[in-house]
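The values are calculated or read from the model by the stated rules, or taken from the named source; none is laboratory data. In this text the structure is predicted, and so the values were computed from the model without any measurement. We place every Cβ from the backbone using ideal geometry, glycine too, and count neighbours over all the protein chains shown. These area figures cover heavy atoms from the full protein model, side chains too; ligands, DNA and RNA do not enter into them. Shrake-Rupley method; radii C 1.70, N 1.55, O 1.52, S 1.80 Å.
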Amino acid sequence: NQKKINMEQPFTKTKPKVLVAPLDWGLGHATRCIPIIWQLLQSGAKVILAAEGRTEVILREEFPQLPLLTLAGYDIRYGKSKVSMMGNMMAQIPKMLMAIQEEFNWLQKTVAVYGIDLVISDNRYGLYHTDVRSVFITHQLLIKTPFGSIGDKALQRMNYSFINSFDECWVPDTDDAINLAGDLSHPEKPPKIPVHYIGALSRFEFSRETGNKHLLVMLSGPEPQRSILEVKLLEQLKEYPKAVLFVRGLPGEMELPQAPMNIRIVNHLPTKELEVAIKEASMVIGRCGYSTVMDLMQLQKRSILIPTPGQTEQEYLAAHLTAQQLAFCLMQDEFSLTNALQSAEAIPYNLQAMHSKYLLKEAIDNLLLHVNK
């Protein structure tokens, strides 16, 4: 029974203390931090986590033995349509900037109270410190916009203005010709700080197992688009005669929607159970979120991926993955379960083994060296 750490109870300094804090923008930032946290522990670090909400649920479930500090998220919500997406995001920029400033202030106090030696921030722009080495994790060194190259470059300058406040940047991808994120992780112009490619991150062990037990649906991502896709899929699955496992991506929730007998619905599955479920699946249907993509590549699983409407990163990833035949992707408004399954069965999947634990271990070991300098 883990308890939250009070600010009045600082740790004693015995091992390097590393604060790990993932963004609350969907569950993917938390799940891709899991292998980082495990490697930190194996390398002799003392890890302190920071999160709230569903991100906190994921981290507590995976690491019940670790202290977890409450850190407010950005609480971003998407629009109900692709058209409203950009306006909705623009309207939330002031809230995002305020959240970044608040987490920056929070970190200054937390470092002083707990004696933090290192900070690893997964896409949280305010978690840097002038006296403590800080790492920023992102696969989006280039953020795609609906406004073409001019908009992309303008947003990249803003992105880099935050990233360059950190000491180094870790990119969860390979620096090879065949990679998962394409232009997003391999821009023409890098940040000014050192950039390290740490390989595709997954909480699962590499496997080539095939299965035919069920069709697996894995939902994720911010609302309301998660719920919109859920309703669409459940309606179409009523005509699907075979077994379905439907994972809603809602850790901590209790209520479940009604469904036919052949559809088993769960709000969430722990890591080991989800790994088995993916291995046993004939096909996986889910969002085109980057962490989902990394997990599917790790397990060499065929998939049908649906980018979140208006989320240009996922729309780009869908095109990139389809071109490399790593996944079959199609837009949400075009989705037909019958047609998608037929098309996905017909393509020759070119699944790549992109697990590279040595890259992550090397980055972490080099980071921990800075504590002793």
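Nearest 20 debye, what's the magnitude of the dipole of the stretch 207-264 about its Cα centre given +1 on Lys and Arg Cβ and -1 on Asp and Glu Cβ?
Details: 8 positive and 7 negative charges, 55 e Å.
I would put it at about 260 debye.
ASP173: accessible area at probe 1.4 Å, nearest 10 Å²?
Roughly 0 Å² of ASP173 is accessible to a 1.4 Å probe.
Return, ordered by residue number, the residues of the stretch 175-202 whose backbone nitrogen is under 13 Å from a label point located 7 Å along Cα→Cβ of ASN350.
Backbone N within reach: 177-180.
At 1.4 Å probe radius, can you tell me the per residue accessible area of the stretch 216-373 in Å²?
Values: 6750 Å² over 158 residues.
The answer is 43 Å² per residue.
Over the chain, with every protein chain in place, what whole percent of the accessible area is carbon and sulfur at 1.4 Å, could you tell me?
Working: 9050 of 16700 Å².
C and S fraction of accessible area: 54 percent.
Give me Rg over Rh for the chain, both radii from the alpha carbons and Rh done the Kirkwood way, two decimal places. Walk me through the numbers on the way to the answer.
On the way: Rg = 20.2 Å, Rh = 21.3 Å.
Ratio of gyration radius to Kirkwood radius: 0.95.
If I ignore ligands, DNA and RNA and count only protein heavy atoms, how much of MET218 is accessible to a 1.4 Å probe, in Å² to the nearest 10?
We get 20 Å² for MET218.
Mind ranking 25-33, 338-346 by how tightly packed they are, going by the mean number of other C-beta atoms within 10 angstrom, highest first? Intermediate results must be reported in sequence, preceding the final value.
Working: 25-33: 25.3, 338-346: 13.2.
So the peptides 25-33, 338-346, ranked by packing, come out 25-33, 338-346.
Hey, quick one: spin label on ASP183, modelled 7 Å out along Cα-Cβ, who in the stretch 148-170 has an amide N within reach, i.e. under 16 Å?
In the stretch 148-170, the label zone of ASP183 (backbone N under 16 Å from the point 7 Å along Cα→Cβ) covers 148-157.
Choose one answer from GLN156, GLN225, GLN258: the residue with the largest mean-square fluctuation in a GNM of the chain with alpha-carbon springs under 10 Å.
GLN258
Rounded to the nearest 0.05, what FRET efficiency do GLU239 and ALA112 give with R0 = 51 Å and r taken as the Cβ-Cβ distance? Could you check? Don't jump to the answer; show the numbers that get you there.
Working: r = 59 Å, r/R0 = 1.16.
Rounded to the nearest 0.05, the efficiency is 0.30.
I'm checking a number: the convex hull volume of the Cα atoms of the stretch 263-353, normalised per residue, in Å³. What is it? Walk me through the intermediate numbers first.
Working: hull volume 10.0 nm³, N = 91.
Cα-based convex hull of the stretch 263-353, divided per residue, equals 110 Å³.
Can you give the FRET efficiency for GLN65 and HIS370, using 1/(1 + (r/R0)^6), R0 = 30 Å, r = Cβ-Cβ distance, to the nearest 0.05? Show your work: numbers first, answer last.
Numbers: r = 25 Å, r/R0 = 0.84.
Between GLN65 and HIS370 the formula returns 0.75.
Can you give the extra length, in nm with one decimal, that the chain gains between LYS15 and GLN324 once fully stretched, where that is 0.36 nm per residue apart less the Cα-Cα distance?
Working: separation 309, 0.36 × 309 = 111.24 nm, distance 4.37 nm.
Separation in residues times 0.36 nm, less the Cα-Cα distance, equals 106.9 nm.
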